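See structure below.
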Amino acid sequence: MGKKRPPKEKFLLKERWEIEDLVFDKETLLALSKIIEKGIFNKLDYLISMGKEANVYRAKASDEFVAVKIYKKETARFFRRHSYIIGDPRFPSVPKTERELVNAFASKEFKNLKVAYKANVPAPIPLYHYKNVVVMSFLGKEGLPYPRMVDGVVEKKDFEEIVEQIKRLYSYGLVHGDLSEYNILKGDKNYFIDFGQGVVLKHPRSDELLQRDIRNVVNYFKKKLALNIHVEKVMRYVKGEAERLY
């Protein structure tokens with residue numbers, strides 16, 4: 001008997017991706033195979049970041065790098081986050097299974113990145129979405145990803161730039177929902193990442209999440225630079241209720 005050939009998705013994983021010791025479920029392998037067949041990218045290089053809900057990889061496209069975010073099937077953690085989907089008019093039907101919910105979060109991130117792009121807020125440019133996979137522009141230099149804000153040095157102008165970006169995003173009807181020193185990359189600009197929890201202003205938690213984003217940023221810069229700034233004042237400025245930040 002001849003040697004049995006591996007399934008197509010496993011063959012692609014073995015032959016075209018330079019990743020070992022990583023386990024993808026069958027549906028994710030099929031999704032990635034279809035994206036490769038479309039020519040969106042041709043090889044996953046390495047793991048950029050690993051999270052409880054998703055992993056981000058650098059991938060090789062024809063003549064550039066892209067970032068590939070793969071949402072993982074984590075039932076308990078995702079079902080605790082139902083509230084980010086419920087109330088979002090872009091998702092009129094509530095996902096009922098773990099796979100539907102994971103796919104909804106990937107879709108949500110892709111939609112939110114589109115808003116950030118329209119708002120001219122520095123963030124990954126959304127390139128393609130299919131099921132639980134989001135392909136976006138790679139944020140880095142010479143193939144290396146930009147560092148997180150928490151790992152670098154910050155100045156007062158960084159705080160002011162970040163507040164302006166929150167304000168611009170708000171003016172386009174979106175709240176990041178998970179902003180902190182861990183979800184901002186420092187490159188030539190301050191880039192917002194991880195938009196999966198972002199909500200539109202019609203969402204019942206939008207005000208609460210905006211306040212949390214601002215509090216996280218304010219507290220971080222207070223700790224780093226001893227800035228004399230209050231969350232309430234920044235909130236009013238972002239919402240257009242105050243003309244000046246200071």
Hey, among the residues in segment 203-222 that are among the charged types (D, E, K, R) and under 18 Å from residue 165 (Cβ atoms), which one's nearest to the chain's Cα centre (by Cα)? 213
Could you please give the count of residues in segment 167-192 that are in a loop (DSSP other than H, G, I, E, B), crowded, with 22+ Cβ neighbours inside 10 Å and aromatic (Phe, Trp, Tyr)? 0
Please tell me if residue 58 is at pLDDT below 50 and touching a Phe, Trp or Tyr at 6+ places or on another chain (Cβ under 9 Å). no
Answer yes if at least one residue in segment 148-162 is under 27 Å from residue 38 (Cβ atoms) and of a type outside the set (A, V, I, L, M), and no otherwise. no
Test set (1) surrounded by fewer than 16 Cβ atoms within 10 Å (Cβ to Cβ); (2) assigned to a loop (DSSP other than H, G, I, E, B); (3) at pLDDT 95 or above - residue 164 fails condition number: (2)
Does any residue in segment 22-41 that is more than 12 Å from residue 132 (Cβ to Cβ) come within less than 8 Å, Cβ to Cβ, of a residue that is part of a helix (DSSP H, G or I) and among the hydrophobic types (A, V, I, L, M, F, W, C) six or more places away or on a different chain, and which pairs are these? 33/12; 36/12; 41/35
If you scan segment 31-47, which residues turn out to be assigned to a strand (DSSP E or B) and buried (at least 19 other Cβ atoms within 10 Å of the Cβ)? 44
Out of 167, 157, 118, 186, which single residue is charged (D, E, K, R), without any contact (Cβ under 8 Å) to a residue 60 or more places away in the chain, farther than 19 Å from residue 67 by Cβ and not assigned by TED's automatic domain parsing to the domain that holds residue 33? 157
Pick from segment 112-129, criterion surrounded by 18 or more Cβ atoms within 10 Å (Cβ to Cβ) and not hydrophobic (A, V, I, L, M, F, W, C), ranking: farthest from residue 194 (Cα to Cα): 129
So, in segment 82-103, of the ones that are without any contact (Cβ under 8 Å) to a residue 60 or more places away in the chain and assigned to a helix (DSSP H, G or I), which residue ends up surrounded by the most Cβ atoms within 10 Å (Cβ to Cβ)? 102
Yes or no: residue 191 aromatic (Phe, Trp, Tyr), in contact with a helix residue (DSSP H, G or I) (Cβ under 6 Å, 6 or more places away or on another chain) and in the same structural domain as residue 232 (by TED's automatic domain parsing)? no
What are the residues in segment 146-161 that are surrounded by fewer than 19 Cβ atoms within 10 Å (Cβ to Cβ) and under 19 Å from residue 116 (Cβ atoms), if any? 148, 160, 161
Enumeration of residues in segment 111-145 that are under 11 Å from the mean Cα position of the chain (by Cα) and part of a strand (DSSP E or B): 126, 134, 135, 136
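The values are calculated or read from the model by the stated rules, or taken from the named source; none is laboratory data. Keep in mind the model is a prediction, meaning the values are calculated, not measured. Backbone-built Cβ (ideal geometry, glycine too); neighbour counts: all protein chains shown.
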